[in-house]
1. Please work out which residue is nearest to Thr156 (Cα to Cα), limiting yourself to the range 166-201 and to residues that are of a type in the set (A, V, I, L, M, F, W, C) and surrounded by fewer than 17 Cβ atoms within 10 Å (Cβ to Cβ).
2. Can you tell which of Ser170, Ser216 is at pLDDT 95 or above and hydroxyl-bearing (Ser, Thr, Tyr)?
3. Within 30 Å of Met1 (Cα to Cα), loosely packed, with under 13 Cβ neighbours inside 10 Å and hydrophobic (A, V, I, L, M, F, W, C): does that describe Ala276?
4. Taking Glu299 as the residue in question, decide whether it is assigned to a loop (DSSP other than H, G, I, E, B), out of contact with any helix residue (DSSP H, G or I) (no Cβ under 7 Å at 6 or more places or on another chain) and open to solvent by 40 Å² or more (accessible area, probe 1.4 Å).
5. Return the pair list, or none, for Cβ contacts closer than 6 Å from residues in the range 128-147 that are among the small types (Gly, Ala, Ser) to residues that are surrounded by fewer than 24 Cβ atoms within 10 Å (Cβ to Cβ), at least 6 apart or on different chains.
6. Report every pair of residues separated by at least 6 positions or lying on different chains whose Cβ atoms are under 8 Å apart, first residue within the range 257-276 and over 16 Å from Ala135 (Cβ atoms), second part of a loop (DSSP other than H, G, I, E, B) and open to solvent by less than 60 Å² (accessible area, probe 1.4 Å).
Amino acid sequence: MKVAFLGNSQFAVSTAWGLCQSETATEIVFVADGVSSKNRFVPSKEGAPESLRDLIESNALSASDTTLTFSDASESLSGADVIILLPSTGRSGFRSPQASKTTGIAIVKRLVTEIQQYAPDATVLVAISPANFIAAWMHQALGGGKIIGLGNGAATAHLTAEIAKRAEVSVKDVSALTIGSDAETYPLPQYCRVNGIPIAQLIPDADIESLCETVSQRYTNNTQSEYTLISHILQVVSAIALDKKRVMSVGTHIAAGETSVYLNVPAQIGRNGVEAIVPLELDDDQREQFKKLVIQSAEDQSP
């Protein structure tokens, strides 16, 4: 499988290291931004930053057969199975929601034509915040396509870690689920389990309620940290490469009548990207929350 990186070089190098060690990808290409030299990956292989040269050497030392190439030509996207859009180099630690949207669109606008021309069948992973807004914009610009937003990993990770801590169990046994938009996150405690056991049997109701409130309040217009984002990317790419049919909460295109939005919902991920949306049984309050998410996201993501 061929994976192409567009965006922040350090994010790309760290993520590529993970792909090389697992040998999930047979080929990785770092594609330079040909529009702005300030954010270029590399002008040539010889001019690669030290971190990229180190990746090549460490890849050889660990006996990984993954091929690494560097290019400033859009044609190098040809044949890519997965394209990963990462934040620009030197992004600031805080941006207002509107500034994030403006910056994100500016980054991807110049890439849409190249993707459409050279890799129209690739699955595009949007790791630029706000992920669902950007994914929806790309879906409209491309007239469809296999586009997945990666903006929900931090909330799910935090919920998983907190359940393990409060239930005093191994995090390996915890499965957690959140849904939401770029602006709102809602944990679904009825779908959270510890090795199949509902958390209601292990954690007092009051603690579950406070945990859900904490997660919802913390992950509002939140930008994921580097390691959480990298871990999320690796999980999704692995699911695609190995056709795992994994169920994860990711930014997914939802269409009902004339309404078309991207929301973080549980989806089955395999070789063709999102292959199915998993239906949920929600209580009355959660159902109202979901309706509000759809309405708010439809307004926010409208062209």
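The values are calculated or read from the model by the stated rules, or taken from the named source; none is laboratory data. This one's a predicted model, so the numbers in the text were calculated from it and none came from an experiment. So basically every Cβ, Gly included, is an ideal-geometry build from the backbone, and we count neighbours across all protein chains shown. Accessible surface is based on the protein model in full, side chains and every heavy atom, while ligands, DNA and RNA are left aside. Shrake-Rupley method; radii C 1.70, N 1.55, O 1.52, S 1.80 Å.
1. Among them, the one singled out is Val171.
2. None of the others qualify; the one that does is Ser170.
3. Spelling it out, it is not the case that Ala276 is within 30 Å of Met1 (Cα to Cα), loosely packed, with under 13 Cβ neighbours inside 10 Å and hydrophobic (A, V, I, L, M, F, W, C).
4. no
5. Ser129/Ser100; Ser129/Thr223; Ala136/Gln301; Ala141/Val112
6. Going by the 8 Å Cβ cut-off, the qualifying pairs are Pro266/Leu177; Pro266/Val278; Pro266/Leu280; Gln268/Val278; Gly270/Asp243; Arg271/Asp243.
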